[in-house]
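*Asks:* Encoded as structure tokens, here's the structure I'll be asking about.
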Amino acid sequence: MNHEPTADESKTHDSTSDSLARKLIIAIDGPAGAGKSTVASRLARKLGYVNLESGAMYRALALKAIDKDASFDDEAALVKLAEASRIQLEPTIGGNRTLLDKRDVSARIRERDVTEGASRISVHPKVREWMVARQQEMGAGGGVVMEGRDIGTKVFPGADLKIFLNADPVVREQRRMEQHKIAGTVAANVADDLRERDRRDRTRAASPLVAAEDAVVIDSTSLSEDAVVARVEELARAKLNELTQ
């Protein structure tokens with residue numbers, strides 16, 4: 001689900017943000033490959049909001065664990081690393097920049113070893129507790145679109161709008177392969193990794209992947225990226241109208 005910002009989207013920021021007296025907290029959850037990051041990024045640009053990408057924060061911590069040769073299975077060591085870390089998300093026109101201890105790691109955290117590490121460290125309750133506290137601080141003032149696995153259920157259970165974005169597993173695998181421009185044996189490995197991430201996300205004891213009871217579930221299997229963004233924006237504007245009446 002790749003997309004370059006259009007001229008209309010770039011212009012929307014000023015006119016839209018000026019009209020929003022009340023800033024929403026929007027939570028977008030769903031499995032890997034459902035398109036959460038792309039949709040959240042585009043929606044944030046259209047509304048003039050900040051896109052808080054929770055996955056980037058877990059990836060940053062996983063990278064630090066790799067750099068410090070810490071075990072992904074050692075919860076206490078990971079929490080200690082987190083407490084000694086400074087993870088920042090800086091919004092830019094092209095998307096977030098991720099800073100780890102003031103170092104730009106935006107590209108590095110998208111590599112496969114970090115992706116795998118992020119999935120493994122995210123199963124630890126104490127790690128998630130630390131992350132949730134940081135994320136709540138970052139989004140407390142509203143005007144944020146946050147995506148992840150447990151935003152509507154754990155991080156912002158009182159979010160103004162909750163979306164659960166899903167898609168057929170095969171379609172999600174295909175999107176991930178297209179996104180990374182891979183094929184053959186590597187593609188098969190990526191598909192295996194995605195299935196394993198699904199299993200871990202849905203079965204972990206701490207904040208398993210599940211749609212919040214009050215979430216709007218959107219199946220993007222047969223929908224274009226534009227259609228999904230338009231639907232979520234429609235829901236956001238309806239919520240704004242409801243809150244300002």
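*Asks:* Roughly how many nanometres apart are two label points built 7 Å out from the Cα toward the Cβ at Thr221 and Arg103?
*Replies:* A separation of 4.3 nm, rounded to one decimal place.
*Asks:* Taking only pairs that are 8 or more places apart or on different chains, how many Lys pairs in region 26-136 have Cα atoms under 25 angstrom apart?
*Replies:* 12
*Asks:* Got a sec? Charge dipole of region 14-142, +1 on Cβ for Lys and Arg, -1 for Asp and Glu; which of Met131, Gln88, Val50 is way out at the positive end?
*Replies:* Working it through, the farthest residue towards the positive pole turns out to be Val50.
*Asks:* For a quick check: with amide H placed at 1.01 Å from N, whose amide H comes under 5 Å from Asp160's, ignoring anything fewer than 5 positions away on the same chain?
*Replies:* Excluding prolines and chain starts, which carry no amide H, the hits are Ile25.
*Asks:* Taking R0 as 22 Å, what's the FRET efficiency between Asp113 and Arg199 from their Cβ-Cβ distance, rounded to 0.05? Let's see the in-between values first.
*Replies:* Working: r = 19 Å, r/R0 = 0.88.
Working from the Cβ atoms, E equals 0.70.
*Asks:* If you don't mind, there's one more thing I want to ask. Note down the nm distance, to one decimal, between modelled labels 7 Å out along Cα→Cβ at Asp168 and at Glu213.
*Replies:* Here the modelled spin labels are 3.2 nm apart.
*Asks:* Test of understanding: what is the full-extension gain from Ala230 to Leu243, defined as 0.36 nm times their sequence separation minus their Cα-Cα distance?
*Replies:* Numbers: separation 13, 0.36 × 13 = 4.68 nm, distance 2.00 nm.
Length difference between fully extended and current span is 2.7 nm.
*Asks:* While we're on this one: Quick one: 3J(HN,Hα) in Hz for region 229-245, Karplus 6.51/-1.76/1.60 with θ = phi - 60°, rounded, Gly and Pro as x.
*Replies:* Each residue of region 229-245 in turn: 4, 4, 5, 5, 5, 4, 5, 5, 5, 5, 5, 4, 4, 5, 6, 9, 7 Hz.
The numbers here are math on the coordinates, done by the rules we state, and not lab data. A quick note: this is a predicted structure, and the numbers were derived from the prediction, not measured. FYI the Cβ positions are ideal-geometry reconstructions off the backbone, even for glycines, and counts take in every protein chain you see.
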